[in-house]
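Notes follow the structure.
Please treat every number below as a calculation from the coordinates, not as lab data. Owing to the predicted nature of the structure, the values given are computational and were not obtained by experimental measurement. Here Cβ is always computed from backbone atoms with ideal geometry, including for glycine, and neighbour counts include all displayed protein chains.
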Amino acid sequence: MLQIRIHGRGGQGVVTAAELLSAAAFREERYAQAFPSFGSERMGAPVVSFCRIDDKPIRVREPVMHPDVLVIQDPTLLHQVDVFEGVGDDVLLVINSARPAEELGIADFTSRLRPGAMLTVPATELAQQHVGRPIPNAALLGGFAALSGAVSIDSVAAAIGDRFSAAVGAGNIAAARAATGRHRLSSAVLP
Amino acid sequence: VNDGAPRPAEAQPAAATTRPAFGTGRIGQIEGSRGVAEAVGLCRPEVVCAYPVPPQTHIVEALATLVKAGDLTACEFVNVESEFAAMSVAIGASAAGARAYTATASQGLLYMTEALYNAAGLGLPIDEVSGCAQTPSSGLHLAIVAIAGKNVPNGTRCRIRRPV
């Protein structure tokens, strides 16, 4: 079972990201679930959502405490919330940032990761460019697909297309596809 | 739900090791809240009243959609001004003999407390789904459900469910 935890802020599409990921996995004939952790709800509040993907029915319903993949939609959370709680050294890490990983100030954690296990995606910029709004979730899903290979970018695009109206869907699909070519593997963890 | 596809009970039972066939209309992905709403719809409620509060909002949103689209007929959706009003409307509807449904969550259930005792004490059949948010009220949430449950006379159908 692949367990994904997504950290972001209210209004960034954190909940939708997990749902789209589960829909993409479902399209690939996998079992999938997605759900958020509900705290106080307001724009800008830290939000966490979860997704599980497996080849057999998923019985567990609890929050993802030990994720295999960690997606950070807002890099300002890195030093405000313990986003690395319960995360092992074998995690895959996707961070929304236009800056290289070395400048994010998380070397204490990332130095333990396997080579090629982390990438940064300028997701907010891609969203502005393709959607016209700073909602980074679709672009990060593109980055997730590129890094993990757990779902194909075509499935992600199809899930986005199912969810949104034609115009909004097309913009988000473009952002997701662009992210697969615009991500940056951390040089510190490259082999 | 009403797409003419075979119901699970009518479908051929699959071997334990065989994954259910996709694209046959027998399996699909659905949001849990939408699933609750469609199950409630199949129970033919006559009055649905609720005030939106996450994480149950999508349940009553979906029910409102079913009513407006005409998929759920002979049902009135009442958009009330609070959870206290929601349970009060459910009490009135149930007392008049209508099949009543409402949904709430966390702080909404707290605000509904006074009316909950009335519903339980009167022994009225009312169905409610209560979502559970990660808030300080979660513990109280369970306590209220437990207390209200004790007041239900034998043989009535007043019950509160926690789907999460």
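Some values worked out for this structure:
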item: Region B:33-86: relative contact order as a whole-number percent, Cα under 8 Å and 6+ apart; result: 46 percent
item: Low-density loop positions, GluC sites (Glu not before Pro), region A:55-147 - DSSP coil, at most 12 other Cβ in 10 Å; result: A:GLU85
item: Relative contact order of region A:41-191, pairs being alpha-carbon contacts under 8 Å that are 6 or more residues apart, as %; result: 22 percent
item: Inter-label distance for A:GLU85 and A:ARG61, nm, one decimal - labels placed 7 Å from Cα along Cα-to-Cβ; result: 2.2 nm
item: Selection from A:LEU70, A:SER97, A:GLY161 lying farthest towards where the dipole of chain A points positive, charges on Cβ; result: A:GLY161
item: Cut-off of 10 Å, at most 15 other beta carbons, DSSP loop: longest stretch of chain A lacking such trypsin sites (Lys or Arg not before Pro); result: A:113-191
item: Residue-averaged [θ]222 nm for chain A, counting only DSSP H segments that reach four residues, each worth -39500 (n - 2.57); result: -10500 deg cm²/dmol
item: Beta bridges per DSSP with both ends in chain A, % antiparallel, nearest 5; result: 60 percent
item: Dipole magnitude (debye, nearest 20) for region B:56-121, charges at Cβ of Lys, Arg, Asp, Glu; result: 140 debye
